[in-house]
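Below: one structure, written as structure tokens.
Any read-out appearing in this document is the output of simple, stated calculations on the displayed coordinates, not a laboratory observation. Just so it is clear, the model here is predicted, and its values are computed rather than measured. We place every Cβ from the backbone using ideal geometry, glycine too, and count neighbours over all the protein chains shown.
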Amino acid sequence: MQFSVGVEYAFHSLFYLVDMPEGKPVGIRQIAELHGITESYLSKVFAKLRKAGLVRSVPGVKGGYELARPAEDVSFWDIVEAVEGPSHFFQCAEIRKKNIFVDDPSVFTDKCPCLIKVVMVEAEELLRDRLRARSLRWLRDQVCRDFPERKKLAMAEWAKGL
């Protein structure tokens, strides 16, 4: 399993929206320049985040994006699912039913689940639960906790200049 680079782009970009005042959106160009990434790909990521209800777009010359809900209500899983989609990591095609040693494939019912699928789904749920337990606010608080004052001031100046 590997998440696309869009997940990383989303996390790092949303990080800078956490403390932005409501009504002060940040443009894709500014976020892309901040990270040294392509504006076009970041726009696609933000379209997914908007569709998932994590950000809202503000039209106009001074428009851009802002968080659509409080940072404490945006989980890591919300972000991953917005970018990667809701499908499961493991796709079971029930090939055990086609195995040459199986005499009667009808024995494989819901009462006799594929144990490989059971374990994979359990593992995925553990991952999802762990990601649901961490929020965008948690990330911001953890990362900024040890920032030197000059870095905090530089970030505030960046936001002020938008």
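In this structure, the amide hydrogen of Val55, modeled 1.01 Å from its nitrogen in the peptide plane, lies closer than 5 angstrom to those of Arg50, Ala68, counting only residues at least 5 positions away or on a different chain.
In summary, the lysines within cross-link reach of Lys117, defined as a Cα separation below 17 angstrom excluding same-chain residues under 8 places away, comprise Lys97, Lys98. The fewest-to-most ranking of Thr109, Thr38 by surrounding Cβ atoms within 10 Å reads Thr109, Thr38.
The stretch between Ile100 and Glu125 holds 5.8 nm of extra length on full extension. This uses 0.36 nm per residue minus the Cα-Cα distance. Could you pull out the longest piece of the chain with no exposed loop trypsin sites (Lys or Arg not before Pro) in it, calling a site exposed if DSSP puts it outside H, G, I, E, B and it has at most 11 other Cβ atoms within 10 Å? After excluding every exposed loop site, the longest remaining stretch is 1-61. Its convex hull of Cα atoms gives segment 5-160 a direction-averaged projected area, equal to a quarter of the hull surface, of 12.5 nm².
Hydrophobic long helices, here whole DSSP H runs in the chain with Kyte-Doolittle means of at least 0.5 and Cα atoms spread over 15 Å or more along the helix axis, are found at 5-15. Of interest is the spacing of the C-alpha centroids, which for segment 46-69 and segment 132-162 amounts to 20 Å. Placing pseudo-labels 7 Å out from each Cα toward the beta carbon at Asp19 and Phe108 gives an inter-label distance of 5.4 nm.
Shown is the FRET efficiency for Cys144 and Lys51, computed with R0 = 45 Å from the Cβ-Cβ distance and rounded to the nearest 0.05: 0.95. In this rough spin-label picture, where each label sits 7 Å from Cα along the Cβ direction, the Arg69-Ser43 distance is 2.8 nm. Residue exposure proxy: Tyr16, Tyr65, ordered by other Cβ atoms within 10 angstrom of their Cβ from fewest to most, comes out as Tyr16, Tyr65. Listed by Cβ neighbour count within 10 Å, with the fewest neighbours leading, Ser4, Ser13, Ser106 appear as Ser106, Ser4, Ser13. Amide hydrogen proximity for Gly64: with H placed 1.01 Å from N in the peptide plane, the residues at 5 or more positions away or on another chain lying under 5 Å are Val58.
Within a straight-line Cα-Cα reach of under 16 Å, Lys152 can be paired with the following lysines, leaving aside sequence neighbours fewer than 8 residues apart in one chain: Lys160.
The lysines whose alpha-carbon is closer than 23 Å to the alpha-carbon of Lys44, local same-chain residues fewer than 8 away aside, are Lys24, Lys62.
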